[in-house]
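Structure, as structure tokens:
The values are calculated or read from the model by the stated rules, or taken from the named source; none is laboratory data. Computed from a predicted model, the values in this text were never measured in an experiment. Positions of Cβ are backbone-derived with ideal geometry, glycine not excepted, and every protein chain shown enters the neighbour counts. Remember, those area values only see protein heavy atoms, side chains included, never the ligands or the DNA or RNA. Shrake-Rupley method; radii C 1.70, N 1.55, O 1.52, S 1.80 Å.
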Amino acid sequence: MAVGGMRLVLLGPPGSGKGTQGERLAERLAVPTISTGDMVRAEIESGSDLGRQVEQIVVSGALVEDQLMARLVRRRLAEPDTAGGFLLDGYPRTLPQADTLASVLMEQGRQLDGVLMIDVPQDELLRRLLDRQRADDKEEIIRRRLEVYDRQTKPLVEHYRNLGLLREIDGHQSILEVETTIAGVLESMRQGVA
Ligand code: B4P
């Protein structure tokens, strides 16, 4: 498996470092990052009707509906820059989204190489997100997002473990240490030992 051509998913609770590591990793692997959080925020910033609708969902701590995310991700994965691999940051976040992703990739004759699950204890997640102060980072909303993660996204861990794709990363380390851990995991995937 060529590291440069990898098709990866970054999975983890809000504040686990998906966005932070995604940027570093995409540069290292020379593949585009597809951050659905960034896509959603861009839609909101555009001031479109859709953006206004989506904003209410995001600031409530809930997830945007699966069908809308499916449209955005399907369109993005059809772009030619993803032909040499990609890093999905924040997608899928529900089991139906995982099914959509599998179908889109199957239609394109591709499949995932791995799912990197970044694990961080809940009190540390709260601390990081309270420090960040984004519009959806008020304590009450953060707690809701963590509950939504437990209910809707956590089942993906078992799903991808059963598919043999899951690679668990200890995210409760410095940003640099997490980056080094991920690099080690990717290297062992490349050598076919993980
Ligand atoms: P996201 O943008 O994906 O929100 P996030 O989970 O909070 O971001 P992330 O987890 O990447 O942040 P990071 O840890 O890097 O989504 C926002 C919203 O969009 C969602 O709530 C949802 O409504 C909607 N949405 C997105 N995708 C969707 C989908 N597929 N379906 C439905 N809805 C969707 O950063 C957090 C902080 O921690 C930063 O300040 C960072 O500096 C810090 N940090 C990171 N690593 C650290 C470390 N090792 N040590 C200390 N601090 C660290």
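Across the range 11-25, the number of residues qualifying as open to solvent by less than 40 Å² (accessible area, probe 1.4 Å) and either assigned to a helix (DSSP H, G or I) or farther than 23 Å from ARG161 by Cβ (or both) comes to 5. Figure legend. Inter-residue proximity from the range 89-108: first residues on the phi > 0 side of the Ramachandran plot, second residues near the ligand (Cβ under 7 Å from one of its atoms) and open to solvent by less than 40 Å² (accessible area, probe 1.4 Å), beta-carbon distance below 7 Å, spacing 6+ or different chains. Indicated pairs: GLY90/LYS18; GLY90/SER35; GLY90/THR36; GLY90/GLY37. Tell me, which residue of the range 65-94 that is closer than 19 Å to LEU116 by Cα and near the ligand (Cβ under 8 Å from one of its atoms) is most open to solvent (accessible area, probe 1.4 Å)? Once the filter is applied, the top-ranked residue is ARG93. Output the residue which, of all residues in the range 165-192 that are open to solvent by 50 Å² or more (accessible area, probe 1.4 Å) and under 18 Å from GLN111 (Cα atoms), is farthest from the ligand (Cβ to nearest atom). The selected residue is GLY192. Could you grab me the full set of residues in the range 124-144 that are within 13 Å of the ligand (Cβ to nearest atom) and of a type outside the set (A, V, I, L, M)? Correct list: GLU124, ARG127, ARG128, ASP131, ARG132, GLN133, ARG134, ASP136, ASP137, LYS138, ARG143, ARG144. The number of residues in the range 26-47 that are surrounded by fewer than 19 Cβ atoms within 10 Å (Cβ to Cβ) and polar (S, T, N, Q) comes to 1. Please list, ordered by first then second residue, the pairs with beta carbon atoms under 6 Å, 6 or more apart or interchain, first in the range 166-194 and more than 28 Å from PRO155 (Cβ to Cβ), second exposed (fewer than 15 other Cβ atoms within 10 Å of the Cβ). Final answer for the pair search is ARG190/MET1.
Applying the set (1) near the ligand (Cβ under 7 Å from one of its atoms); (2) assigned to a loop (DSSP other than H, G, I, E, B); (3) without any contact (Cβ under 8 Å) to a residue 60 or more places away in the chain to ILE57 leaves exactly one unmet item: (2).
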